[in-house]
1. Would you kindly derive the ³J(HN,Hα) couplings of the range 131-136 from the backbone phi angles with the Karplus curve 6.51 cos²θ - 1.76 cosθ + 1.60 (θ = phi - 60°), listing them in order in whole Hz, with x for Gly and Pro?
2. Take every Cα-Cα pair in the range 172-315 and report what % of them are more than 22 Å apart.
3. Using the structure shown, list the pairs from Lys162/Lys209; Lys210/Lys306; Lys227/Lys258 with a Cα-Cα distance above 20 Å, or answer none.
4. Each residue of the range 268-279 in order: what ³J(HN,Hα) in whole Hz does its phi give by Karplus 6.51 cos²θ - 1.76 cosθ + 1.60, θ = phi - 60°, with x for Gly and Pro?
5. Could you work out the local net charge near Glu216, counting Lys and Arg as +1, Asp and Glu as -1, over the other residues with Cβ closer than 11 Å to its Cβ?
6. In Å², and per residue, what accessible area does the range 92-175 have when probed at 1.4 Å with the other protein chains present?
7. Report the per residue volume, in Å³, of the convex hull enclosing the C-alpha atoms of the range 182-247.
8. Could you tell me whether the range 53-209 comes out rounded, prolate or oblate from its Cα gyration tensor? Rule is a ≥ b ≥ c as square roots of the eigenvalues, rounded for a/c under 1.5, then prolate if a/b exceeds b/c, otherwise oblate.
Amino acid sequence: MNQILMVENRKKQQKQKKQSGGGAIEIRGIVRFFAFVMIIFGIVLAGEGSYAIYKDVSDKDPANQPKVIVSRQSDTVAISVEHTVEISKVIYSWNNGEATELPQGGLTAYEEILLPNQNSILNITIEDMNGKKVSYQKEYIVEGMDITKPTIKIDVVDGSRKMKITAEDETAISYLSYQWEGQEAIKIDATTGTQTKIEKEIDLTPGTKKITIIAEDASGNIEQTEKEIVATTSEPKMQLIQNGREFIIEASDEDGIKEIRLNLNGKQYVNPANNEKYIKIGPALLQDGNNTILVEVTNVNGYTKKAATEIQYTP
């Protein structure tokens, strides 16, 4: 009997050892699994943190910031922006006033705005396509400064042989310059520091040319204008000769005729003249009743002479 009990006790002890050994194996496996998960999670967190740090450093890199140049030109301020990322919009305002939004769509932006008449702070915000915003401020002190541009006046009539240019400033004029296209600029300086007006009369040569005129005052304010000038040594002459229902147009010009345009009762006819000094067109026929006639003669210098008349025709 005792022998039987001893055998059973040994079996129980062996069974308990197996159970306790299996539990230890299972716990070690669970610990290893959770340790592996924690390591992976830590690596992910470290990666996200590194990316966030890198992105923050990249955003603060001056090379990734938009380049903004603000310059004053007389009574205007020019805003020039360059960026490595496409610009979404440029927003500006004076002091705490209403903001103006300028939609963009490229790597550069440019805008000219009017300078206020009092001391002001210009606020500028640049936003790119990634939603990143950068703000700038610049103060302008204008009290006691001359920000008024000089004025330019051109006295000329198409076909004239002379032209007069007048540059004037309310404080003091510095110089006047003019330049025909394809030629060197001619500059006329003021003779005194208090001179407010410069006048220049110019002899014109036949032809149609563009002239650029610049005036600057003593404070550095600049005004510029361009104008196309038609000059000639002569002007076209024309006459209408009627013979019953028929009529003809005669035209002449000392320099030569480029073309004649005839508008008869709303219908237009163009007649090239091949630079001839005299030309006759017609005969043209009048309609019964009232007739409206418009004639335009253009000479080789681009000068056009117009004439209009009405003829009542009764058969």
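The values are calculated or read from the model by the stated rules, or taken from the named source; none is laboratory data. The model shown is predicted, which means the values in this text are computed figures rather than measured ones. Note that we place each Cβ from the backbone using ideal geometry, even for glycine, and neighbour counts take in every protein chain shown. The accessibility values were calculated without ligands, DNA or RNA, using every heavy atom of the protein model including side chains. Shrake-Rupley method; radii C 1.70, N 1.55, O 1.52, S 1.80 Å.
1. x, 6, 10, 10, 10, 9
2. Values: 5816 of 10296 pairs.
The answer is 56 percent, as a whole percent.
3. Numbers: Lys162/Lys209 14 Å; Lys210/Lys306 23 Å; Lys227/Lys258 22 Å.
As for pairs spanning more than 20 Å Cα to Cα, those are Lys210/Lys306; Lys227/Lys258.
4. 9, 10, 10, 10, x, 10, 6, 6, 6, 7, 9, 8
5. Numbers: positive: Lys149, Lys187; negative: Asp169, Asp189, Asp217, Glu223.
Taking every Cβ under 11 Å from that of Glu216, the sum is -2.
6. Values: 5030 Å² over 84 residues.
Counting only protein heavy atoms, the per-residue value for the range 92-175 is 60 Å².
7. Numbers: hull volume 10.3 nm³, N = 66.
Here the figure is 155 Å³ per residue.
8. Values: a/c = 3.29, a/b = 2.10, b/c = 1.56.
Cα axes put the range 53-209 in the prolate bin.
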